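Notes follow the structure.
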Amino acid sequence: MDKWNLEIASSLYQPLEGDLPLRLLLIHPGKLGDTLRTELVPTTLDEAQGRYDATSYTWGSPESPELISCDGLQLRVQRNAFHMMLDLRRPDEPRRVWIDAVCINQCSLDERAAQVAIMHHIYRRAGATWVWLGRPDEHSSTAMAYAAMLDAAKSAGEFAYCEFGANWSRFGEKSYFFDHSFNVGTDDNQLRKLAVAIVTFLNRPWFSRVWIQQEASLCQNVRVICGPDIVDWDNIFALAWIMCPRYTESWPDDLHSQLTRTINNIQAIRIIQRARHYYFQDAYGHSDIMLSFEGLIETVSRYEATDPRDRIYAMGNIIVDSNQWFEVDYRVPWEILYTDVARRFLDVDSLRFLKNAGRVRQEPGTALPSWVPDYRYKEEGQYMIASTTLWKAGGNNRAAFISSTKASGSKVSQLPKSRKRQFPMSDDLRAYKGSKKSLLQSSASFKCLMSDEIMFVGDFVANEDGDLGTNVAEIVKSIRKDMNYVENLDVSTYINGDTILDAYKLTLIMSCDAQQDLVRSDYIRAHWEEWFQWYEEGCPGYWDTDSKTPVLNPAFESSGAVKTFRFAVTRHGYFCLVPRLVQVGDEIAIFQPYELAVALRRIPSPPMPQNQSQKQGQKQTASVAGPYYELLGDAYVHGMMENEARCINDEFNCKYEPTQAQWDKMLKASDGGRGEPWATLSLNGQYERIFKTLGPRTVRLV
């Protein structure tokens, strides 16, 4: 698309001049069937403020572009842009709009970068933003009419109360479409048709675009158009809000297959609403919300972007400190941009970005180091541990926008020559000559508090799209195999005092109930038998909305156990949930100050040169810092998710590979698990069994 209009670009697009310059598109009036006539108007934001409308739409397929008349020239545009202009054209007066595909010279990388850098100003200063959702269909009018009837102010108030401050527990009281009390007077058949229309509507491509985050959040007056129907943005938010499940509820059978996609789109709408509450507190009321790049970037893998770099650039325009994270430059390949952003997170000792990183979320043979998120990966959440706010396996993580002295010891350094990675390079990456290209051949160092080798891994359901009966049978078989292994261990009690079976069962739900609140053994003892018997019977009534499933089931489904994660046991007895690609011989670790555990794979050392003496070989070994690891993904370690590793390290002065004297001192203080330090920590003395896995050290990831 950036080459469509190359022949006329020099005639149509003159260099932009002035402070915050831009072009606006004047759409001349016309009736249905008239040729679409337009002209470009160079101006500045100061001159144009409030006297133009911004637009938000999906670029769509580059196939079969349309032609419009622009300044007397024939300009190719996407079909979606063409139809949006037709819908926005007035019959009797011109309309001045900003449309990125036309107002920006797409043939110029410099201009694209410059305009993207000021795009937040363009939307903020518009008189209105028109969200064009596409051409109407059989469901759109039904959904738009229903949205217009909703109490938008009530939904905005519920959202503010649930999302901000310490009121997350009230999320269970929000309005919900599938509550019997919500649509009183609507029969089941009408309700089903309405639900299908709403879900189909919310799954329109616009809701999955990454750029919508800024386009719909920065202008107070946002209008949504689909065919002849127009509603305010707040009504669209209200529609998404009432469809958002509370915790881990499932939708009815005929909608369930759409759940993941729709939830992603609903989450996008919620992020927009958070930004709107931040920017327009006069309209929505005061809130303590903070908009951080770190928080926004976590979710970008859910959304579509024509250019992978836009997943970063679009998020940055919503916040005020984007210049500390990146500079908009479309010459920089996306692999280098992603790596540089990850490096900057390390610079401020914030490790939350690791939740999007790891080989489990990267393509085989990728140029990205394993510690760098691949924000192109679209199945957000599939390989991520759903973290509760109470988890702090490696201590308290620092917010990325807070300046602090380094405590985690994280850093990025060049790999030695013998450790250089081999990977295929795209044409853009091969042609790029900037100094940051070396980041792709770098390692990141992390302060490791605990690590242990995995000795057993359980099975998992290989075909998640298979029929329910087959998958349930495989899950039951896997759990029985795990339980048989656990029952044959040479200990009856887990390190934290749980019985060995209670610890296994709690691991399967990551010690969380459906509300993501932490639970203990009494929860498992109260609900396990009912749930497992129901699974053994094939989950009868699973899709029946009137049937009540066992209490434990939402917690089990939320954890992803046996499906996206597999059970594992380490050499020193840790029970874990790990990514499916983890194998026996891989390792579990906890990094300071990362809130979750991680799964690692040791990279074999390079062979010694044949023609070197033993002494020379020893010198080379010393010069090649190691060992090196690949990050596989997040993990859960039972009994170690609440800062236990750091507390035990500090209390007993644990050392990695201690001397005999240091080991004796640790054992003496522990006194067989009866020592006073255990009482001080409020921990079971059986944690003594994992002493050999503790002690701070540096782990290097490539």
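Can you tell me the length gained on complete extension of the stretch Ile230 to Gln190, counting 0.36 nm per residue apart and subtracting the Cα distance?
On the way: separation 40, 0.36 × 40 = 14.40 nm, distance 2.32 nm.
Taking Ile230 through Gln190 to full extension adds about 12.1 nm, to one decimal.
Rounded to the nearest 5, what is the percent of antiparallel bridges among the DSSP beta bridges in the chain?
80
Less than 15 Å Cβ to Cβ from Gln660, Lys/Arg counted +1 and Asp/Glu -1: what total charge do the surrounding residues give?
Local charge sum for Gln660: +2.
First select every other residue whose beta carbon is under 12 angstrom from the beta carbon of Pro136; then total the charges, Lys and Arg +1, Asp and Glu -1. Kindly include the intermediate steps, with their values, before the conclusion.
Values: positive: Arg135, Arg204; negative: Asp87, Asp137, Glu138, Asp229.
Local net charge: -2.
What lysines does Lys31 reach when the alpha-carbon gap must be under 17 Å and sequence neighbours fewer than 8 apart in one chain are set aside?
none
Using only the alpha carbons of the range 542-592, what is the convex hull's orientation-averaged projected area in square nanometres?
Its average projected convex-hull area is 5.4 nm².
On the first, second and third principal axes, largest extent first, how far apart are the outermost C-alpha atoms of the range 287-341 in Å?
Its Cα atoms span 38, 24, 16 Å along the three principal axes.
Based on the alpha-carbon set only, what is the convex hull volume of the range 1-59 divided per residue, in Å³?
Dividing the Cα hull volume of the range 1-59 by its residue count gives 139 Å³.
Return the calculated 222 nm mean residue ellipticity for the chain, to the nearest 500 deg cm²/dmol, obtained by summing -39500 (n - 2.57) across DSSP H runs with n ≥ 4 and dividing by the residue count.
Counting only the DSSP helices, I get -10000 deg cm²/dmol.
Just the Cα atoms of the range 144-209: what Rg and Dmax do they give in Å?
14.0, 39
Which lysines does Lys563 reach when only Cα atoms under 24 Å apart count, and residues fewer than 8 places away in its own chain are ignored?
Qualifying lysines at Cα under 24 Å: Lys355, Lys378, Lys477, Lys481, Lys505, Lys548.
When only DSSP loop residues count, what trypsin sites (Lys or Arg not before Pro) in the range 1-83 have their Cβ near at most 12 other Cβ atoms within 10 Å?
Of the trypsin sites (Lys or Arg not before Pro), the ones in loops of the range 1-83 whose Cβ has at most 12 other Cβ atoms within 10 Å are Lys3, Lys31, Arg51.
Please list, short to long, the whole-number percent of alpha-carbon pairs of the chain in consecutive 20 angstrom bins beginning at zero.
In order of increasing distance, the bins hold 16, 45, 31, 8, 0 percent.
In what sequence, highest mean first, do 431-444, 550-563, 9-22 appear when ranked by Cβ atoms within 10 angstrom?
Ranked from most to least packed, the peptides come out as 550-563, 431-444, 9-22.
Quick one: which of 294-300, 469-475 comes out on top by average Cβ neighbours within 10 Å, and what's the full order, highest first? Don't skip to the end; give the middle numbers.
Values: 294-300: 20.3, 469-475: 15.9.
Output ranking for 294-300, 469-475: 294-300, 469-475.
Which one of Leu25, Gln49, Pro15 is farthest out on the positive end of the charge dipole of the range 1-78, using unit charges on Cβ (Lys, Arg +1; Asp, Glu -1) and the Cα centre as origin?
In the range 1-78, that residue is Leu25.
Checking the cross-link filter: which aspartates and glutamates have an alpha carbon closer than 18 Å to that of Lys668, excluding same-chain neighbours under 8 positions apart?
Asp650, Glu651, Glu657, Glu676, Glu688
What does the charge count near Arg520 come to, summing +1 for each Lys or Arg and -1 for each Asp or Glu among other residues with Cβ under 14 Å from its Cβ?
Around Arg520, the charge tally is -4.
Once you have the Cα-Cα distance between Phe456 and Arg170, take 0.36 nm times their residue separation minus that, and quote the gain in nm to one decimal.
The Phe456-Arg170 span can extend by a further 99.0 nm.
Give me the 1.4 Å probe accessible area per residue for the chain, excluding ligands and nucleic acids, in Å².
Normalised by residue count, the accessible surface of the chain is 43 Å².
The values are calculated or read from the model by the stated rules, or taken from the named source; none is laboratory data. Since this is a predicted model, take the numbers as computed values, not measurements. Using ideal geometry, Cβ is built from the backbone for each residue, glycine included, and neighbour counts are taken over all protein chains shown. Side chains are part of the model used for accessible areas, which takes the heavy atoms of the whole protein and leaves out ligands, DNA and RNA. Shrake-Rupley method; radii C 1.70, N 1.55, O 1.52, S 1.80 Å.
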